[in-house]
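Student: One structure, pasted below without further comment.
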Amino acid sequence: MQSFDMNVITRSLGEVGSTVFYILVGIIILELIIYGIFGKLLKSRHTLPAMLLGPAVVGLAVLIVYPLLWEFNLSFTNMSLRRFGDNAQYTWLACQDNPQEVNSWVTDCLIKNYADVFRLPVLKQAYFFPVLLRTILWTAVNMFFHVAGGLGLALLLNRPLRGKGVYRTLIILPWAIPQVIAALAWRGEFNYEFGFVNLMLGQVGIPPLQWLTAPGWNFVAMCIVNIWLGIPFMMVILLGGLQSISGEYYEAAEIDGANGFQQFKNITLPLLQPVMTPAIILGTIWTFNNFNVPYFINQNELETSDILVTALFRAAFQYNRYGFAAAFAFVIFIILLVYSIFYIRVTGALKEVNA
Amino acid sequence: MSTTSSSQTSTPGAAGKKPDSVLSRFFYAQRGDSPFKLLMIHLTLILASIIAIYPVLRVLTISLRPGDRLLSTSLAIIPEDASFENYTKVLTDSDFLLWVWNSFAVTGATSIIGVILASTSAYAFSRSRFPGRTAGLIFLLATQMIPAAMLMVPLFILAVQANLIGTYRGLVIAYSVTSIPFSIWILKGYYDTIPYDLEQAAMLDGATQMGAFYRIILPLTTPALAIVFLFNFMAAWNDYLLARIFLSNATEIWTWPLGLQLLQGQFTTAWGQFAAASILVMIPVVTLFLYSSKYLISGLTAGGVKG
């Protein structure tokens, strides 16, 4: 154990502070360069936007664009723990060392890592397609319950009701709790003997379940935790949308004799659409990419509980197959990209960008 | 909170309403809902509230159990012989305080940088038409699709090669930048709702565009800035993945999520300490979150997910 004293405090302050200082100095230099080039040299009317955007653009380029390009390059190499850094080779160069194993130059040499994603286990035993199907199932189950639960609660809370603020505060709680804590605490509660889940099942006469070791139940456990975590966000967003719908529509509908369900179907749902669509797109992507819940509930034990992103993490940091993991990452990215483009086309969700 | 929302809520059906019974007046009914229906609504909401808070109460329960009764099959919320033993233990016998301090130092610095970078960029996206604007906005949206684990692979290897593993350098830069796209989207949506006339009036009076931004737009967007700060703070404060990659095995600079995982891993010996530490971390985060949730709701619906 480290001692927590002034030395430690000043040490971390110093390290963080100096990094912040370097960042600020970097920003100032960058602004001067942009001002020099755009303002003085080109006399551009875009000088101000360029200066406003400069630091963020450079930051995103260094931390997101460059690493992704580098990763794309990495996905064609055989980098692993043994062949790290300069010892890694492009797969087509590595091919030349043992030409007798090559059946097809394209799949065995040129895009070997990408081909391996589909033909070899991505982990020890798990193949790509079962993991993909599980991820889709995971996303679908979670989104269904998030939207259904969130919409149901939002509709209830949108009524004039006593104690509404208290209910909302309590129901929001799972969102407020750090995911790491929630997931780790739930893992403890899925313990066979002492967790409250099995204890409660015991109270109603159901025998205890192997939440942490039985593959199917482990997956159910992950879903329970994530549904519990995700409903508040949907509820809050949809409640905001509901509150922006003018009451006049309902008054008019009531005069025309529409019942509750007809009002819901013909007024609430269509008018909620602009809020619901982006929330569902974002929610789907977040769920698909959710790392914390599957990772902490399963803790890298059952391969049958891995979804794509946790499998990717294991391929990279447990089995240290960096080149392969890079290819795997791009396959996942393309799946998400196709989904998003499809969804945007269908719903026209990006109209405002072009406005 | 309840007053702000009920003032916006419509009260349809007021015209043809029957006289209220005592029971329905108690439940504040305006829609002419029957008392039975109101009772069902309240029961549903009470059930939902219990489901939402019970797991959290269990963490509290376990944190209050004395060491020798940690593994108990009792379901009582407050254990019979409640004690603060776990709290004193986690505060004095573990690195918990150090981890929280580290988290605080890193998170505070990075969220301020993140807000500054995002607020200026979002202003450019909202007010200026420059080449590449649409492409830039779509790029920002696309970054939200990138799985975190996908970026970890290259960031880890690049950080190893740049000798940034086991220091705060990489982590601070990474936290400052990764939250920018989402922040820009929220803030841009918010700036868009402010009429440009305000700045034009200021500029007619001799202010520069930056002056107008600083004096007029920034004060008006305080709620949105608060949300973005909160989002950045929460994202960095709760992050596990980046910290795990960048801080590696250097336990003396670990942030609390790494430390908590260590405590939770020793299930039988340190479960109580894990629970106590969780409660201690949760109290400020949850308070901050609930306090700011009214901004959060208005900001999210006004900006980020505007249709």
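The values are calculated or read from the model by the stated rules, or taken from the named source; none is laboratory data. As the structure is a computational prediction, the values presented were derived from the model and not from experiment. As a convention, Cβ positions derive from the backbone with ideal geometry for all residues, glycine included, and neighbour counts pool all protein chains shown.
Student: Only one of these is in the same structural domain as A:TRP286 (by TED's automatic domain parsing) and in contact (Cβ under 8 Å) with a residue 60 or more places away in the chain: A:LEU161, A:LEU157. Name it.
Tutor: It is A:LEU157.
Student: To continue, here is another question. Provide a single number: the residues in the stretch B:164-208 that are without any contact (Cβ under 8 Å) to a residue 40 or more places away in the chain and part of a helix (DSSP H, G or I).
Tutor: Total meeting the criteria: 9.
Student: Looking at B:ASP239 and the list (1) outside any helix (DSSP H, G or I); (2) away from every other protein chain (no Cβ under 11 Å); (3) among the charged types (D, E, K, R), which single condition is not satisfied?
Tutor: (2)
Student: Which of the residues belonging to the stretch B:137-163 are surrounded by 19 or more Cβ atoms within 10 Å (Cβ to Cβ), more than 21 Å from A:GLN318 (Cβ to Cβ) and more than 8 Å from chain A (Cβ to nearest Cβ)?
Tutor: Hit for the stretch B:137-163 is B:LEU140, nothing else.
Student: Name the one entry in B:SER278, B:SER292 that is in a helix (DSSP H, G or I), more than 8 Å from chain A (Cβ to nearest Cβ) and polar (S, T, N, Q).
Tutor: One residue alone meets the criteria, B:SER292.
Student: Could you please tell me which pairs satisfy a Cβ distance under 7 Å, a separation of 6+ or placement on different chains, a first residue in the stretch A:82-93 that is surrounded by 14 or more Cβ atoms within 10 Å (Cβ to Cβ), and a second residue that is among the hydrophobic types (A, V, I, L, M, F, W, C) and assigned to a loop (DSSP other than H, G, I, E, B)?
Tutor: Going by the 7 Å Cβ cut-off, the qualifying pairs are A:ALA88/A:MET79; A:TYR90/A:PHE76; A:THR91/A:PHE76.
Student: Can you tell me which residues in the stretch B:246-275 are more than 8 Å from chain A (Cβ to nearest Cβ), assigned to a helix (DSSP H, G or I) and either of a type outside the set (Gly, Ala, Ser) or under 22 Å from A:ILE9 (Cβ atoms) (or both)?
Tutor: Answer for the stretch B:246-275, where residues must be more than 8 Å from chain A (Cβ to nearest Cβ), assigned to a helix (DSSP H, G or I) and either of a type outside the set (Gly, Ala, Ser) or under 22 Å from A:ILE9 (Cβ atoms) (or both): B:PHE246, B:LEU247, B:TRP256, B:LEU258, B:GLY259, B:LEU262, B:LEU263, B:THR268, B:THR269, B:GLN273.
Student: Continuing with the same structure: Which one of A:ASN142, A:ASN191 is facing chain B (nearest Cβ under 9 Å) and in contact (Cβ under 8 Å) with a residue 12 or more places away in the chain?
Tutor: A:ASN191
Student: Same structure, new question: Given the conditions (1) facing chain A (nearest Cβ under 8 Å); (2) polar (S, T, N, Q); (3) within 26 Å of A:SER75 (Cα to Cα); (4) surrounded by fewer than 17 Cβ atoms within 10 Å (Cβ to Cβ), report the number of the one that B:SER128 does not fulfil.
Tutor: Tallying (1) facing chain A (nearest Cβ under 8 Å); (2) polar (S, T, N, Q); (3) within 26 Å of A:SER75 (Cα to Cα); (4) surrounded by fewer than 17 Cβ atoms within 10 Å (Cβ to Cβ), B:SER128 fails exactly one: (3).
Student: Ok, one more. Residues that are modelled with pLDDT of 85 or more: find the helices (runs of 4 or more DSSP H) completely inside the stretch B:1-81 holding 1 or more of those.
Tutor: Result: B:35-64.
Student: If I filter the stretch B:189-204 for residues that are at the interface with another protein chain (Cβ under 9 Å from one of its Cβ atoms), closer than 17 Å to B:THR120 by Cβ, touching a Lys or Arg at 6+ places or on another chain (Cβ under 7 Å) and not acidic (Asp, Glu), do I get at least one hit?
Tutor: There is at least one residue in the stretch B:189-204 that is at the interface with another protein chain (Cβ under 9 Å from one of its Cβ atoms), closer than 17 Å to B:THR120 by Cβ, touching a Lys or Arg at 6+ places or on another chain (Cβ under 7 Å) and not acidic (Asp, Glu).
Each row is one residue, and each column tells you yes or no for (1) modelled with pLDDT of 85 or more; (2) farther than 26 Å from B:THR134 by Cα.
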{"position": "A:MET235", "(1), (2)": "yes, yes"}
{"position": "A:LEU239", "(1), (2)": "yes, yes"}
{"position": "A:ILE245", "(1), (2)": "no, yes"}
{"position": "A:ASN300", "(1), (2)": "no, yes"}
{"position": "A:GLU303", "(1), (2)": "no, yes"}
{"position": "A:ASP306", "(1), (2)": "yes, yes"}
{"position": "A:VAL309", "(1), (2)": "yes, yes"}
{"position": "A:ILE334", "(1), (2)": "yes, no"}
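Student: Let me ask something else about it. Could you identify the single residue in A:VAL141, A:VAL147, A:VAL117 that is touching a Leu at 6+ places or on another chain (Cβ under 9 Å) and crowded, with 16+ Cβ neighbours inside 10 Å?
Tutor: Criteria check complete, one pass: A:VAL147.
Student: Pick out, from the stretch A:258-339, the helices (runs of 4 or more DSSP H) lying fully within it that include 1 or more residues that are within 22 Å of A:ILE64 (Cβ to Cβ) and more than 10 Å from every other protein chain (Cβ to nearest Cβ).
Tutor: A:269-288
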